[in-house]
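In what follows, a single structure is set out as structure tokens and then discussed.
What follows draws every value from the coordinates through simple rules; no lab data is involved. Keep in mind the model is a prediction, meaning the values are calculated, not measured. Neighbour counts run over all protein chains shown; Cβ positions are idealised from the backbone, glycine included.
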Amino acid sequence: MTIRDLLAAGRPTLSYELFPPRTPAAESTLQETMDRLAATGPDFMSITYGASGTTRGTSRGVVHRLAVQHTIPPLAHLTCVDQSRAELIEVIEAYLADGVRDFLALRGDPPQGQTDWRPHPDGLLYASELVTLLRQVAHAHGVGDLSVAVTAFPAQHAIERFRQTGIDVLRAKRDAGADFAITQVFYGVDQYVALVADAAAQGVTIPVIPEVMPLVSVRRAVRAEELTGVRTPDDLFAELEAAERAGDADAARAAGVRHAARLSRALLDAGAPGIHVITFNQHRAALELVDAMRLVRD
């Protein structure tokens, strides 16, 4: 059963995002996190790909481990960054051979030190082209039950001049064969509702799973803002600062979890098809959020 099939069932999904480890210590942390998160019975876990595809090998290893050790459907990320069409086909074929049937197709951000987006000379320019390529490779190998996700951007959609462009891009991805979308981070339920409603009004009705990021420290909040360009809510940032000034890491984590839980409840009440939790490969805040939301599966 693919993630597309799970979404069609109509029950809110629970999922997590992990990233591949870069050191032996990080490997140990990831293993514990995977084990703890697996115990909540998630519907799937996504595994990031790393800047410029630098973690391609380790990403595939994490995907394989999820499928084999925990039998949790892995959502494998793919990006267009610094990869030729032939290299992308090779990666897709390897995943298909491993039994992976769920993919997240991303254009990807410019490599570190590069300020603007430039495709590989023999590569792809848009995420919609990657969706098309995924479908073509799967068809060539007789794989019919492929499920493809793309990204959507509620915070950017809230900016007037970006609204129509964002819908047009999402439509292009849908037309290329995307089954559902996962959002980039945002902090206002109204932003999500507006994106979904505006897309539906123009005929783009694929499910859109919101991404929720529990921010448990000032450092993490600052880093998230740097990576996404989405401003951390002032009230949450103030709570994190106050807790850290008092030397109370538990209070900081509790503040971040409370904010994420409020957002998650509001999103589900607004009709979101699930919640996708960004974990930073740390299980504690993610588990506290899921517990607060009563999303643990039997």
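Candidate values (i) 170, 44, 31; (ii) 58, 45, 43; (iii) 60, 43, 40 were compared with Cα extents along the principal axes in Å computed on the shown model; the agreeing label is (ii).
Given +1 at the Cβ of Lys and Arg, -1 at the Cβ of Asp and Glu and no other charges, the dipole of region 166-298 around its Cα centre is 240 debye to the nearest 20. Region 16-52 and region 230-298 have Cα centres spaced 18 Å apart. Once both axes come from the Cα atoms, what is the angle between helix 284-293 and the longest principal axis of the chain, in degrees from 0 to 90, rounded to 10? Relative to the chain, helix 284-293 is tipped by roughly 80 degrees.
Selection among 165, 154, 142 by position relative to the dipole of region 127-249 gives 142 as farthest towards the positive end (Cβ unit charges, Cα centre). Axis of helix 234-245 versus longest Cα principal axis of the chain: the two differ by about 60°, to the nearest ten degrees. Using a simple spin-label model with pseudo-atoms 7 Å out from Cα toward Cβ, residue 235 and residue 8 lie 4.1 nm apart. Summarising the label geometry, the points placed 7 Å from Cα in the beta-carbon direction at residue 65 and residue 22 lie 1.7 nm from one another.
Charging the Cβ of each Asp and Glu at -1 and of each Lys and Arg at +1, and nothing else, the dipole of the chain about its Cα centre rounds to 160 debye.
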